[in-house]
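J.: Here you go, one structure.
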Amino acid sequence: MTVSSRPHHVLPSLRAVNGARFLSAGALLLLSASAPAMAQGTALSLGDAARLAARQNGAVEVARTRIAAADARVLQRRGALLPDLAAGIQQAGRTTNSATFGFEFRDPTGRPLLNPNGQLIGPVRTIDMRYRLQQPLLDLGNVAKWRAAQSASAAVTAEVNAQADASAALAALAYVRAARSEAHVAARAADSTLAADLLRIARDQLQAGVGIALDVTRAQSQLAATHAQLIGARNDRDRALLELKRVLGLSLDAPLTLRDSLGGLPEEAAAVDERAVIAQAADSRADVRALMAQESSQQRALSAIRWERTPQLGLMVDQGVIGKSLGHLLPTYTWGVQMSVGLFDGFRREGRTQEQIAVTREVEAKLKDLRAQSALDVRAALLDIAGAREQLDAVRERLGLAEQEVAQAQERFRAGVAGNGDVIIALLSLNQARTLRVDALAMYQSARVSLARALGKVQELP
């Protein structure tokens, strides 16, 4: 909308009321919000901010490192099912006391060949080169542990997704706060413009002899008050932008512009079936899915402990050459198939089983509580949306009346039938109405984000 040139003694237009032209507060918010977007090149929408935080928020990056650790544990468990191959070479010398043999060597006449009290034999120097192979053939316990590690890795991935959703919701709410702060700046800038024009009119009337000095003083006081409010609003906006950058994982010096103004975000949403969305939230939320994956992981870990009781079958091969020198080496080997069964381990396995059962029940209790909390979150968000809509309707009506009050007080002041005290009172009412409208819009958008978070759709925001 283009505002035409006007005489210096006319207040800025808000919308047409009783012959005076006035711009709506919503238009002022949109114009003010679009100006920085054109001045800077970097712009993010509400949905962009949510998705960016889900990718690079610091908490998400920390959580993502746990995936690599979980995958490494899967590799370790898988390694227990693969061949264990080792090779070595040994050069050694040894001596032996013949009395430790436990038997005697005698010649054909019956005389002992070695001293019965013991005789030192050696040193005998040997070279031994061989490889050793161990291969599990049947080990259901380690198979179960491998699958449990895979399930734990999937649970960690689900936890990262839950953290991404939480970070996205945090960024979306920070975006709404930043948009609210920018809208407050726009509203206070509009108030300052009105107060400055009121001061010019009062001065012009005083110079023309149709006004009084008190009107000028009142206008100066009103201008100073609105200027102070504008300074505070700008400070709040700058802090909100810094907090948004921090949540997004951006440098605090990086340029950032909000592509969506508070007044430009969607205000209408299709009616939803409360029962349907509650049922959807019970299983679709990322944090619910993370606990479900953790529950499955704990159940597999419990199963793995129980499978440790099954027999283990393995192959063992030890083959190489041995001799006193490299030129006189003879091949030797040992091979076999071995089956082992754990019969008693001092009740350690029973203790681990009981501990794992307790952990599994804890996760089940958390999951039950979280599903109940998700239902509460959905109902609370729907109530907040309904309340915010009603409040928006009421605030819009109040804003229209406040604009009409300003127009009427302005006409009386220009006509000289009243001082500017009524105009200032009307401006204060307009100031409050604008603030309430901004707060109501922010409440509505925050409720939208909360509903999207409760349904696990925060990263799907436009």
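J.: Any residue in the range 90-99 that is among the aliphatic types (A, V, I, L, M) and modelled with pLDDT of 50 or more? Walk me through how you get there before you give the answer.
T.: Of the residues in the range 90-99, the ones among the aliphatic types (A, V, I, L, M) are 92, 99.
Then drop every residue that is not modelled with pLDDT of 50 or more, which leaves 92, 99.
Yes: one or more hits.
J.: Does the range 126-138 hold any residues that are within 30 Å of Ile89 (Cβ to Cβ) and either modelled with pLDDT under 90 or of a type outside the set (D, E, K, R) (or both), and which are they?
T.: Selection gives Thr126, Ile127, Met129, Tyr131, Leu133, Gln134, Gln135, Pro136, Leu137.
J.: With Glu390, Glu411, Glu405, Glu460 as the choices, which residue is free of Cβ contacts under 8 Å to residues at least 24 places away in the same chain and charged (D, E, K, R)? Lay out the reasoning, then the answer.
T.: On the way: Glu411 fails: free of Cβ contacts under 8 Å to residues at least 24 places away in the same chain; Glu405 fails: free of Cβ contacts under 8 Å to residues at least 24 places away in the same chain; Glu460 fails: free of Cβ contacts under 8 Å to residues at least 24 places away in the same chain.
Just one listed residue meets the conditions, Glu390.
J.: Let me ask another. Pick from the range 275-293 the residues that are in contact with a helix residue (DSSP H, G or I) (Cβ under 6 Å, 6 or more places away or on another chain) and not hydrophobic (A, V, I, L, M, F, W, C): which of them is modelled with the lowest pLDDT?
T.: So the residue we want is Arg285.
J.: Residue check: is Leu315 over 28 Å from Glu295 (Cα atoms) and free of Cβ contacts under 8 Å to residues at least 24 places away in the same chain? Spell out how you get there, then give the answer.
T.: Values: over 28 Å from Glu295 (Cα atoms): yes; free of Cβ contacts under 8 Å to residues at least 24 places away in the same chain: no.
In short, no.
J.: Only one of these is under 30 Å from Ala381 (Cα atoms) and modelled with pLDDT of 90 or more: Val247, Val272. Name it.
T.: Details: Val272 fails: modelled with pLDDT of 90 or more.
Every option except Val247 fails the conditions.
J.: Scanning the range 299-344 for residues that are assigned to a helix (DSSP H, G or I) and among the hydrophobic types (A, V, I, L, M, F, W, C), which turns out farthest from Asn142 (Cα to Cα)?
T.: Pass one, the range 299-344, residues assigned to a helix (DSSP H, G or I): 299-307.
Okay, now just the ones that are also among the hydrophobic types (A, V, I, L, M, F, W, C), so 301-302, 304-305, 307.
Working: Ala301: 11, Leu302: 13, Ala304: 8, Ile305: 9, Trp307: 8 Å.
It comes out as Leu302.
Per-residue answers, yes or no, for (1) among the aliphatic types (A, V, I, L, M); (2) buried (at least 18 other Cβ atoms within 10 Å of the Cβ); (3) in contact with a strand residue (DSSP E or B) (Cβ under 8 Å, 6 or more places away or on another chain):
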| position | (1), (2), (3) |
| --- | --- |
| Gln222 | no, yes, no |
| Thr226 | no, yes, no |
| Arg234 | no, no, no |
| Ala240 | yes, yes, no |
| Ser251 | no, no, no |
| Ser261 | no, yes, no |
| Pro266 | no, no, no |
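J.: Please work out if Arg218 is part of a helix (DSSP H, G or I) and at pLDDT 90 or above.
T.: Details: part of a helix (DSSP H, G or I): yes; at pLDDT 90 or above: no.
It is false that Arg218 is part of a helix (DSSP H, G or I) and at pLDDT 90 or above.
J.: Residue by residue through the range 375-431, note down the ones that are outside any helix (DSSP H, G or I) and surrounded by 19 or more Cβ atoms within 10 Å (Cβ to Cβ). Spell out how you get there, then give the answer.
T.: Going through the range 375-431, the residues outside any helix (DSSP H, G or I) turn out to be 416-420.
Passing the criteria: only Asn420.
J.: Further question on the same structure: Being out of contact with any Asp or Glu (no Cβ under 7 Å at 6 or more places or on another chain) and touching a residue at least 40 places away in the same chain (Cβ under 8 Å) narrows it down to one of Ser446, Ser450, so name that one. Give the steps one after another, and end with the answer.
T.: Values: Ser450 fails: out of contact with any Asp or Glu (no Cβ under 7 Å at 6 or more places or on another chain).
One residue alone meets the criteria, Ser446.
J.: If you go through the range 106-138 one residue at a time, how many are farther than 29 Å from Lys324 by Cβ and in contact with a Ser or Thr (Cβ under 8 Å, 6 or more places away or on another chain)?
T.: Counting residues in the range 106-138 that are farther than 29 Å from Lys324 by Cβ and in contact with a Ser or Thr (Cβ under 8 Å, 6 or more places away or on another chain) gives 0.
J.: Further question: Go through Thr435, Thr360 for me and flag whichever is within 30 Å of Leu291 (Cα to Cα), in a helix (DSSP H, G or I), hydroxyl-bearing (Ser, Thr, Tyr) and modelled with pLDDT of 85 or more. Can you show your working first?
T.: On the way: Thr435 fails: within 30 Å of Leu291 (Cα to Cα).
Going through Thr435, Thr360 in turn, just one is within 30 Å of Leu291 (Cα to Cα), in a helix (DSSP H, G or I), hydroxyl-bearing (Ser, Thr, Tyr) and modelled with pLDDT of 85 or more: Thr360.
Residue-wise test of (1) at positive phi; (2) part of a strand (DSSP E or B); (3) exposed (fewer than 11 other Cβ atoms within 10 Å of the Cβ).
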residue	(1), (2), (3)
Gly88	no, yes, yes
Ala99	no, no, no
Thr109	no, no, yes
Leu114	no, no, no
Asp128	no, yes, no
Leu138	no, yes, no
Asn142	no, no, no
Arg147	no, no, no
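J.: Being under 30 Å from the mean Cα position of the chain (by Cα) and more than 19 Å from Thr360 (Cα to Cα) is the filter here, so list the residues in the range 125-153 that pass it.
T.: Result: no residue meets the conditions.
J.: While we're looking at this one, here's another question. Which residues, counting only those in the range 204-218, are surrounded by 17 or more Cβ atoms within 10 Å (Cβ to Cβ) and either of a type outside the set (A, V, I, L, M) or out of contact with any Lys or Arg (no Cβ under 8 Å at 6 or more places or on another chain) (or both)?
T.: If the condition is that a residue be surrounded by 17 or more Cβ atoms within 10 Å (Cβ to Cβ) and either of a type outside the set (A, V, I, L, M) or out of contact with any Lys or Arg (no Cβ under 8 Å at 6 or more places or on another chain) (or both), then Gln205, Gly211, Asp215, Arg218 are the ones that fit.
The values are calculated or read from the model by the stated rules, or taken from the named source; none is laboratory data. What you see is a predicted model, and the numbers here were worked out from it, not measured in a lab. Glycine gets a Cβ as well: all are built from the backbone with ideal geometry, and neighbour counts include every protein chain shown.
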